[in-house]
Every structure is written in C-alpha cells, then in structure tokens.
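Read through the structure below, which is laid out as structure tokens, and then see the notes.
The values are calculated or read from the model by the stated rules, or taken from the named source; none is laboratory data. Note that this is a predicted model, so its numbers are computed, not measured. Heads up, the Cβs are rebuilt from the backbone with ideal geometry, glycines too, and the neighbour counts pull from every protein chain shown. In case anyone asks, the SASA skips ligands and DNA or RNA and just uses the protein heavy atoms, side chains included. Shrake-Rupley method; radii C 1.70, N 1.55, O 1.52, S 1.80 Å.
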Amino acid sequence: MFTIKDILYEDNHLIIVNKHVGDLVQSDPDGTEAIEDQIKAMIKIRDHKPGAVFLGVAHRIDRPVSGAVIFAKTSKALARLNEMIRNKQVKKTYWAITEERPVEEEGSLHHWIARNAKTNRSHAYQKPKGDAKEALLDYRVLGASTNYTLVEVDLKTGRHHQIRAQLSAIGCSIKGDLKYGAKRSNKDGGISLHSRRVEFLHPVGGKPISVTAPTPKGDGLWDFFECAQSDN
C-alpha cells in the first residue's frame, strides 16, 4: 500500500515513488486498486483538487518487483517522458539477489526475448527466433552473502520480464522467482528484484534527475546488502 513516505521525488510535473512488493503500478481489468489510483487520491486530498487528477504512468515494473517508478503529473511531462523512454534517455538500474553467482563478475547479456501470453512467461534465446525481440543489459556483481549474490543491472531495453529471463538463462535465477527457476519462494510472495535508481533529464526543465530507492525494509538479506554497499 502506497503512503506519502514512499514518495522519492516530486515537483509540478513528476512524482517518483518507491513501489512495494505485490503492488500494481496500474489498474488491471479486474479492477484491483493500483498505486496509480492511490496517488491520485492522495493528490486530490492533499492539494485540494476540485476536479479529476491527471496522472500518467511513464513505465511499469512487475507486481512482485519493488522500487522506483516514475509517474507524470502533466500531459506535457508524460508525452516527453514517453519519447525519452523510446529513445533510451532514461537510465534504469536494478538490484537483483540471485541464487547463483555469475561466472563473470561483470559483462553484457544479449538475447532475444519471446513472450508466451498464456503462461505470462518469457524465454531468452541466444539467436533471433520468430517474433522474439532483442534484449540487452549490462551487469556487475556488487557483493555476496553465504548463499546469495547481489547483482546490479543496467537495463538497455525494456522487454517483458527481461531481467528475470536473462539472468535465468545464465543460471542465475532471482531469489524467490519460481517462474524462472528459483528453488523456493519468498515469504512475501515477491521476488528479490528492485528498481534501484532512475536517472534522466527533467522532461520540462531539463535539469538532471537521479533518484535512488531504498530496498524493502524488514528483509534481512536486503538490509545486509544495503548496509554493505553503504559502507563501500
């Protein structure tokens, strides 16, 4: 459930929030309430808006994923953000806790992603296949605990379940991600993938924006990695 404490950045055109595991970014056909609805309701009450509140979803992250999500508060900002995302002018950095350590400490992954709509699952192929879309990311290992590894991902393309599918393809399933080969689920039903940072030029003012989302609180493993990185 979104609260005011989850706001990471806000001005007249943008609001960036830290999404919780299990929350929907945007309402789905079954009518389940999403962060989008909760932010609109908050703005309407807080800012004493007499009419409908405009809020545009600039990008989404999966329901079991946590972290930074960008919303536009004006149509101008939304149109420009959409164009910036299409032109790869929004840098998205993720943290993933994996069950296995990558063979290489850092590198690039290049696959072709095909989505199966029936199973809501994607497969990463080594070569072009059918209508599969090219998928690119860079990664580096940031640290490790006894059983898990913290991997930072610089996402280059935005394919369906891209990080989950590509890390699984190299034998590094994300903790809790049963759909992509994890050995066991997480207690909260989510997966250990976090939208850590978003960086871009403000779509209206042009100033540099860099927002970092704290990892989920109350999770001992995330707490361990967050603390370890802050000490580096």
State which residue pairs qualify: first residue of a type in the set (S, T, N, Q) and inside segment 62-77, second residue open to solvent by less than 30 Å² (accessible area, probe 1.4 Å) in any location, beta carbons under 6 Å apart, and separation of 6 or more residues or different chains. Ser66/Lys19; Ser66/His194
Looking only at strands (runs of 3 or more DSSP E) that lie completely in segment 77-171, which have at least 3 residues being under 26 Å from Pro214 (Cβ atoms) and either open to solvent by less than 80 Å² (accessible area, probe 1.4 Å) or modelled with pLDDT under 95 (or both)? 91-98, 133-144, 149-155
For residues in segment 187-222 being of a type in the set (S, T, N, Q) and open to solvent by 50 Å² or more (accessible area, probe 1.4 Å), which is nearest to Leu24 (Cα to Cα)? Thr212
Residue check for His194: in contact with a strand residue (DSSP E or B) (Cβ under 6 Å, 6 or more places away or on another chain) and either polar (S, T, N, Q) or in a loop (DSSP other than H, G, I, E, B) (or both): no
Would you mind finding the one in Val57, Val53 that is of a type in the set (A, V, I, L, M, F, W, C), in contact with a Phe, Trp or Tyr (Cβ under 7 Å, 6 or more places away or on another chain) and open to solvent by 10 Å² or more (accessible area, probe 1.4 Å)? Val57
Could you please tell me which pairs satisfy a Cβ distance under 8 Å, a separation of 6+ or placement on different chains, a first residue in segment 6-29 that is at positive phi, and a second residue that is not β-branched (Val, Ile, Thr)? Gly22/Arg63; Gly22/Pro64; Gly22/Asp188; Gly22/Gly189; Gly22/Gly190
